[in-house]
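Just below is one structure, and these are the notes that go with it.
The values are calculated or read from the model by the stated rules, or taken from the named source; none is laboratory data. Remember, it's a predicted structure, so these values are computed and weren't measured experimentally. So basically every Cβ, Gly included, is an ideal-geometry build from the backbone, and we count neighbours across all protein chains shown. Surface areas here come from the heavy atoms of the whole protein model, side chains and all, with no ligands, DNA or RNA. Shrake-Rupley method; radii C 1.70, N 1.55, O 1.52, S 1.80 Å.
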Amino acid sequence: MTALDIDFVRAQFPAFAEPGLDGQAFFENAGGSYTCRQVIDRLVRFYTQRKVQPYAPYEASRLAGEEMDEARTRLAALMGVATDELSFGPSTTQNTYVLAQAFRTFMKPGEAIIVTNQDHEANSGPWRRLAEEGIEVREWQIDPQTGHLDTARLEELLDEKVRLVCFPHCSNVVGEINPVAEITAMAHAAGAFVCVDGVSYAPHGLPNVDELGADIYLFSAYKTYGPHQGIMVIRRALGELLPNQAHYFNADCLYKRFTPAGPDHAQVAASAGMADYVEALAAHHGHAGSAAETGAFVHDLMRGHEIALLQPLLDAVKDRNNVRLLGPSIAETRAPTVALALNRAAEPVAAQLAEFGIMAGGGDFYAVRALEAMGIDPAEGVLRISFTHYTSKAEVAKLIEALDRVL
Ligand SMILES: Cc1ncc(COP(=O)(O)O)c(C=O)c1O
């Protein structure tokens, strides 16, 4: 497998050359990543040259509209879906909220949905509120020790009443990568759709949603090197079936149906920079191919680097008796989002790490249900250290050293 050229990668992120951040190793990437140069450049260009109402018949407007379309076209192609199956919304939380409104009228009382207690609240609360309409909410529960979601338990919950199964590709505190294709196949066999929260997974390599088979796949661009937007893939068969949530005259346009608000033009346009970045990575590492092949190549390139850096970190924390590592200790099976329960409040420990030049966070990370299910007091929270492919080996070594001091 090709090794990631970390110097090339870091040169694409202005934050690494920013004097104000010098000497600070960033380990709160699951909260929000650094932004790549390609996105920042497009954002500046949009605000300076194209900040007019898009899709009108004058040059600046034509360019603005074209750039917004380009973002959808290229990101959709990288993820193996059609252009109009990808849409933007203000955040993943707001996107699930709108989708839940659609299911609220689509489903009938007595029908059921399945949610997990592993999810971030964004892919849980809005769905649970469907109980107000007489919809049965079934909870697919994690193992209280490991945080693992067992597909055997899902099998027990599935029957002909279930219309939708909501689950994370990867939890933002457990970190384990769930077998999306397998879960989706099980749900589909039972006649249910799936809604996958990919927010904690996508930064580690955009997935091919067609291959996963998911009906809905959500992620947040601001955690994936882009601007502050939520991105949703809604496959056509489901998107056309669900009731339109946008203005009535936009009902025939799939990518507008679940975005009732006007989009943030500049940020949508700048998201094309995320595709620029993925393609620049592929080209620099000698890869040429279709968009979907490029997406897969860069996914594997990122994962390879992350796995190599993650294992030593897991090894350094997994056997400490004053620390409980959430999720698996084998790097291949998880994202580099590592939550540690400490039997004391986590945030002061994050503050101690800051003294060693480590930026990390402590708290519940809106995964309150998951922490409670694992017997962790959300008020104490967990120390979360999360990195991505742009993190260097030296930064991980510095983190391990700092952890040795504070834990
Ligand atoms: C796993 C996961 N899902 C959903 C969200 C919510 O995303 P947004 O901030 O775009 O609403 C987050 C944010 O932290 C998250 O980590």
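Per this entry, A187 is not counted among residues that are buried (at least 17 other Cβ atoms within 10 Å of the Cβ) and under 24 Å from L314 (Cβ atoms). All conditions in (1) within 16 Å of the ligand (Cβ to nearest atom); (2) touching an Asp or Glu at 6+ places or on another chain (Cβ under 8 Å) hold for F193, with the sole exception of (1).
Do we find that N117 is in contact (Cβ under 8 Å) with a residue 40 or more places away in the chain, within 12 Å of the ligand (Cβ to nearest atom) and open to solvent by less than 30 Å² (accessible area, probe 1.4 Å) in this structure? For N117, the condition - in contact (Cβ under 8 Å) with a residue 40 or more places away in the chain, within 12 Å of the ligand (Cβ to nearest atom) and open to solvent by less than 30 Å² (accessible area, probe 1.4 Å) - is not met. Could you look through the range 204-223, keep only residues that are part of a helix (DSSP H, G or I) and more than 10 Å from the ligand (Cβ to nearest atom), and pick out the one that is surrounded by the most Cβ atoms within 10 Å (Cβ to Cβ)? Per the criteria, the residue is H204. Within the option set G327, G226, being open to solvent by less than 10 Å² (accessible area, probe 1.4 Å), outside any strand (DSSP E or B) and touching a residue at least 24 places away in the same chain (Cβ under 8 Å) holds for one residue only, G226.
State whether one or more residues within the range 311-324 are in contact (Cβ under 8 Å) with a residue 40 or more places away in the chain, open to solvent by less than 30 Å² (accessible area, probe 1.4 Å) and in a helix (DSSP H, G or I). The answer is yes, given that some residue of the range 311-324 is in contact (Cβ under 8 Å) with a residue 40 or more places away in the chain, open to solvent by less than 30 Å² (accessible area, probe 1.4 Å) and in a helix (DSSP H, G or I). Of the residues that sit in the range 275-310 and are of a type in the set (D, E) and touching a helix residue (DSSP H, G or I) at 6+ places or on another chain (Cβ under 8 Å), which one is least open to solvent (accessible area, probe 1.4 Å)? Ranking the qualifying residues of the range 275-310, first place goes to E306.
For the range 97-114, filtered to residues that are more than 13 Å from the ligand (Cβ to nearest atom), in a helix (DSSP H, G or I) and open to solvent by less than 10 Å² (accessible area, probe 1.4 Å), the residue that is nearest to L158 (Cα to Cα) is F103. Can you name the residue in the range 120-139 that is more than 16 Å from the ligand (Cβ to nearest atom) and crowded, with 21+ Cβ neighbours inside 10 Å and, of all such residues, is farthest from G327 (Cα to Cα)? So the residue we want is I135.
What are the residues in the range 126-178 that are under 22 Å from A30 (Cβ atoms), touching a helix residue (DSSP H, G or I) at 6+ places or on another chain (Cβ under 9 Å) and among the β-branched types (V, I, T), if any? Listed by number, the residues that qualify are I142, V173, V174, I177. Filter the range 1-60 down to the residues that are hydrophobic (A, V, I, L, M, F, W, C), in a loop (DSSP other than H, G, I, E, B) and more than 24 Å from A354 (Cβ to Cβ), then identify the one that is most open to solvent (accessible area, probe 1.4 Å). Checking each candidate, the answer is M1.
Once the range 72-96 is narrowed to residues that are assigned to a helix (DSSP H, G or I) and within 9 Å of the ligand (Cβ to nearest atom), the residue that is surrounded by the most Cβ atoms within 10 Å (Cβ to Cβ) is N95. Annotation note: of V165, V173, the sole residue that is touching a residue at least 60 places away in the same chain (Cβ under 8 Å), crowded, with 24+ Cβ neighbours inside 10 Å and among the β-branched types (V, I, T) is V173.
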